[in-house]
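S.K.: Got a structure for you, questions after.
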Amino acid sequence: MEKLFKIYVYQEGEPPVFHNGPCKSIYSSEGRFIHEVEKGKFYTTQDPDEALVYFLPFSVAMLVRYLYESESLKTDAIGRIVIDYIHVISGKYPYWNRSLGADHFMLSCHDWGPLASSYVPHLFNKSIRVLCNANTSEGFTPAKDASFPEINLLKGEADIGGLPPSRRSILAFFAGHLHGYIRYLLLNEWKDKNDPDVQVYDQLPKGVSYMSKLKNSRFCLCPSGYEVASPRIVEAIYAECVPVLISDGYVAPFSDVLNWKSFSVQITVKDIPNIKRILMGISQRKYLRMQRRVKQVQRHFVVNPTPKRYDVFHMINHSIWLRRLNVHIQDFGVP
């Protein structure tokens, strides 16, 4: 892949919504990828004829920031930008038309990534959509779309590491506000139980550190919010805490190459009342094996100032590469 994979980044479009993205927020994995690709040091080519894939460099997070009409709840302006952009590049270059967008990709960590792509049917149905909101119930297709992790880098750098397993005194931990029906079910079931093993908060007590709780827990609960993706999955991995995924229809990042069952627990929504029983049923030997594998896969979720082999930037590109291999280019254009 490192020798053959070539990305052409369309130069059309102006910042802040093109060639730009947030790098210190819940959408940082979107912005970091865009900025790294724009540097042109990895995988990119200036010759579109030698490219295997073509990047549509708009940021959905920035489109929402600048164009969403919160008072009227209208998203039409976002849709018009996406439609107009495809119209421009398909009129100027032959690449979109020859594949109907199948060798093009967009990337978004915003919840509205699927919505933004839906304004152009071929973008939604044929292009490679690299999404944090990888929800099969909203049209995410694992064979052609790629899931990538939501990473909240408020300080720009990750806090990595945690207590050794023998010193982790909390069985399971979650802290977060009411945000979607899955969290409602979790908070309703566990928040007021005051169970020292399963500690669930909508707001941590004053003086209690969120990160210290993560680093002191064996399992970290990662329920979906309004959408399926959650930054808590990567937070758990950084804290060397076994993530517990609670979601419906979520395709975990890099599932092509990572066996999530070996380093995470996946609990269905209906089993939220049984969280303690399920986690207590995992033997110490199995837990230690899972926790060790969390540490092993950690490097695949790390954002480096300059990308390193096997880090999150390279993993995202590898996911795109695998999906491009499924595409047979046939010229659909009219001679």
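S.K.: At 222 nm, what value in deg cm²/dmol follows for the chain if DSSP H runs of at least 4 each add -39500 (n - 2.57) and the sum is divided by all its residues, to the nearest 500?
M.R.: -9000 deg cm²/dmol
S.K.: Okay, next question. Find the relative contact order for the stretch 170-301 and round it to a whole percent, using C-alpha pairs within less than 8 Å whose residues are 6+ positions apart.
M.R.: Computed over the stretch 170-301, the figure is 24 percent.
S.K.: Here's a follow-up. In a shell of Cβ-Cβ distance under 14 Å around S217, excluding S217 itself, what net charge do Lys and Arg (+1) and Asp and Glu (-1) give?
M.R.: Once all neighbours under 14 Å are counted, the net charge is +3.
S.K.: Using a ≥ b ≥ c from the Cα gyration tensor of the stretch 56-104 (square roots of the eigenvalues), is it rounded, prolate or oblate, where a/c under 1.5 gives rounded and otherwise the larger of a/b and b/c decides, a/b for prolate?
M.R.: prolate
S.K.: Report the Cys residues of the chain lacking a disulfide-compatible partner, meaning no second Cys Cβ under 4.7 Å from their Cβ.
M.R.: Taking the Cβ cut-off of 4.7 Å, the unpaired cysteines of the chain are C23, C222.
S.K.: How large is ³J(HN,Hα), in whole Hz, for each residue of the stretch 128-144 in order, when computed from phi with the Karplus curve 6.51 cos²θ - 1.76 cosθ + 1.60 and θ = phi - 60°, using x for Gly and Pro?
M.R.: 7, 9, 9, 10, 6, 7, 8, 10, 5, 6, 10, x, 5, 10, x, 5, 10
S.K.: Report, in debye and to the nearest 20, how large the dipole of the stretch 225-279 comes out about its Cα centre when Lys and Arg carry +1 and Asp and Glu carry -1 on their Cβ.
M.R.: 280 debye
S.K.: Same structure again: When only the heavy atoms of the protein chains count and the probe is 1.4 Å, how do R129, R293, R285, R324 rank by accessible area, highest first?
M.R.: The ranking, largest first, comes out as R285, R293, R324, R129.
S.K.: Another question, if that's okay. Can you pull out the chymotrypsin sites (Phe, Trp or Tyr not before Pro) in the stretch 211-248 that DSSP calls coil and that have at most 13 other Cβ atoms within 10 Å?
M.R.: The qualifying sites are Y226.
S.K.: Put +1 on the Cβ of every Lys and Arg and -1 on every Asp and Glu Cβ in the stretch 170-301; which of S283, C220, P231 then has its Cα farthest towards the positive end of the dipole?
M.R.: S283
S.K.: Let me ask something additional. Going from most exposed to least, what order do W321, W190 have by accessible area with a 1.4 Å probe?
M.R.: Result of the area sort, largest leading: W321, W190.
S.K.: By the gyration tensor of its Cα atoms, with a ≥ b ≥ c the square roots of the eigenvalues, what is the shape of the stretch 170-301: rounded for a/c under 1.5, prolate for a/b over b/c, or oblate?
M.R.: Rounded shape, in that the Cα axes give a/c under 1.5.
S.K.: Using only the alpha-carbon atoms, how far is helix 284-297 inclined from the longest principal axis of the chain? Give it as 0 to 90 degrees, nearest 10.
M.R.: Tilt relative to the chain: about 30 degrees.
S.K.: Can you run phi through the Karplus equation (6.51, -1.76, 1.60; θ = phi - 60°) for the stretch 173-181 and list ³J(HN,Hα) in whole Hz, with x for Gly and Pro?
M.R.: So the Karplus estimates, Gly and Pro as x, are 9, 8, 9, x, 6, 4, 7, x, 6 Hz.
S.K.: Could you tell me which of rounded, prolate or oblate describes the stretch 101-165, using a ≥ b ≥ c as the square roots of the eigenvalues of the alpha-carbon gyration tensor, with rounded for a/c under 1.5 and, failing that, prolate when a/b is larger than b/c and oblate otherwise?
M.R.: It is prolate, given that a/c is not under 1.5 and a/b is the larger ratio.
S.K.: Right, here's the next one. Cross-link list K92/K126; K24/K286; K24/K270: which exceed 27 angstrom alpha carbon to alpha carbon?
M.R.: Checking Cα-Cα distances, K24/K286; K24/K270 exceed 27 Å.
S.K.: In addition: For the stretch 124-275, what proportion of DSSP beta bridges, expressed in % and rounded to the nearest 5, is antiparallel?
M.R.: Looking only at bridges with both residues in the stretch 124-275, the antiparallel portion is about 5 percent.
S.K.: About its Cα centre, what dipole magnitude does the chain give when the only charges are +1 on Lys and Arg Cβ and -1 on Asp and Glu Cβ, stated in debye to the nearest 20?
M.R.: Its charge dipole is roughly 1640 debye.
The values are calculated or read from the model by the stated rules, or taken from the named source; none is laboratory data. Note that the structure is a prediction, hence the values are computed from the model and not measured. Backbone-built Cβ (ideal geometry, glycine too); neighbour counts: all protein chains shown. Surface areas here come from the heavy atoms of the whole protein model, side chains and all, with no ligands, DNA or RNA. Shrake-Rupley method; radii C 1.70, N 1.55, O 1.52, S 1.80 Å.
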